[in-house]
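Some notes on the structure that comes next.
Every number in this text was worked out from the coordinates using simple rules, so none of it is lab data. Just so it is clear, the model here is predicted, and its values are computed rather than measured. Using ideal geometry, Cβ is built from the backbone for each residue, glycine included, and neighbour counts are taken over all protein chains shown.
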Amino acid sequence: MIPCIFSKSDGRILEPLTCSVPVSLITVCGKPVIEYTADILKKSGFSRMIVSTAHKNEAVQDYFSRNPPHKISVGYDTSDISDDETVLLINADTFYSMSFENSFRFHKNKKADMTVITKSVNDCRENRAVFTGNDKKILSFQDNPTYMDCVSSADTGIYIVSARIFRIIENSDGISDILLNRLISEGFSIYANECIGYFRNIDSVKNYIKCQNDVLCGTVTADINGHRTLDGSIIHGSYDLKKASVAEPLCIGNNVSASTGTVIDNLSVIGNNVTIGRNSSVHNSVIMDGAYIGDRVTCTNAVICRNAVLLNSCSVYDGCIIGEEAVVGENTTIRNNAGVWNYKNTGSNKNICFPLRYGHSSEIKINEYGISGETNAVITAHTAVSAGMSLGGRNKSLVIGYAPENNSAYAMALAASGGTMSAGGTVWNIGECLPCEMDFAVRNLCAD
């Protein structure tokens, strides 16, 4: 059996954190996720593993060339997997600590094509639900089930598969419930085996921060880099926090300093070479290497990437990610899971509720008078619905079209149509079209 850390993701998970690194190289308490995985595989007796990620796999190769793992070799060519080999397939965004020995025996005894490692959870709405029969044979899968459809068995993102199944997955768009249900319909024998242990999918800021919390609190058994103190804190080097108010446990990197009046709450993670100014507050957040936090800054349940700058009196709230070398201006507030992409500058005195990806500032105002402000942000379904409602509320007649063979554009068009009609406006939805066709429709339909 050979383990393979696998992902077909294009890197949009946790953007902008994953714009420059794959999810397997983001750190949990100062240590990359893939190193935790390698440690567990070594303890399970494996001497080699394969890494195959669609997004920035070369970054993983570069990392291991500079930091070769001890007692386990790393390969990157899936053609090394022979046709008669069994594969332990691990999603790159799965953070876990569990033993698979019983699952290996279960898979062999059942003569299964695929065994899904499951975990009993209280609420699987954020996971993939696994529906099984009495013999543990899987009947169906469902991603992000509703409360009414919930079961206690969740897919951990770890699978034992035959080489044939692996090739099917490798040539697909990823391990989705659609693919897994298709495999069941095609007659493959797929079983579920529950493991005792810990897992969490790092597919959101909430889950990423929760992984840090669980390592600090000892909820997950993991080998850490650095020194763990008696109160549970993880220390990676020297620091100067004498003037600050600090609650433990937390993770502190090397060469960290904080000025008078600053409060660093427990479960926060502070990287190397971080400077925090006066009277600032860091609560349950991840501050990465080289970041600068100015005076009177509030950072709550957020991720601040490498070398980012938060200037005086700004605030970053729940679910927000500030990208590498981005600058959040003075008196600027960022909330509602908005992110600031790498190298962007928000400008001062802004109130940002949408992701800032393009340009250097973002402030969109949508009201009964229409749309105003700068529109250089990522357009989401919420934005499209709000825009449609604004135009519909002014008794506008709207022509909507979308780019051919673009599912995202189609979804945005539906959202804008729904918003317009809900406010009493008229919609001419011309479907897939080219820009010249859109211009023709607007002129001849006398719409906006």
### Query
Residue separation times 0.36 nm, minus the C-alpha to C-alpha distance between Phe440 and Ser82: what's the value?
123.2 nm
### Task
Over every pair of different alpha-carbon atoms in region 226-363, take the mean of 1/r and invert it; report that Kirkwood radius in Å.
14.5 Å
### Task
Take the Cα coordinates of region 39-89, assign each an equal point scatterer, and use the Debye formula without solvent to give log10 I(q)/I(0) at q = 0.15, 0.22, 0.26, 0.33 Å⁻¹.
-0.45, -0.94, -1.17, -1.31
### Query
Given Lys42/Lys111; Lys8/Lys344; Lys8/Lys136; Lys56/Lys108; Lys43/Lys111, which pairs have Cα atoms separated by over 30 Å?
Lys56/Lys108
### Stretchable slack from Ser73 to Thr260, in nm (0.36 nm times residue separation minus alpha-carbon distance)
62.6 nm
### Message
Could you work out the percent of alpha carbon pairs in the chain separated by over 42 Å, rounded to a whole number?
### Response
25 percent
### Fraction of the pair-distance distribution of region 1-69 above 19 Å, Cα-Cα pairs, percent
31 percent
### For region 139-209, fraction of C-alpha pairs farther apart than 21 Å, in %
34 percent
### Summary
Taking 433-441, 21-29, 163-171, 84-92 and ranking on average Cβ neighbours within 10 Å, highest first, one gets 21-29, 84-92, 163-171, 433-441
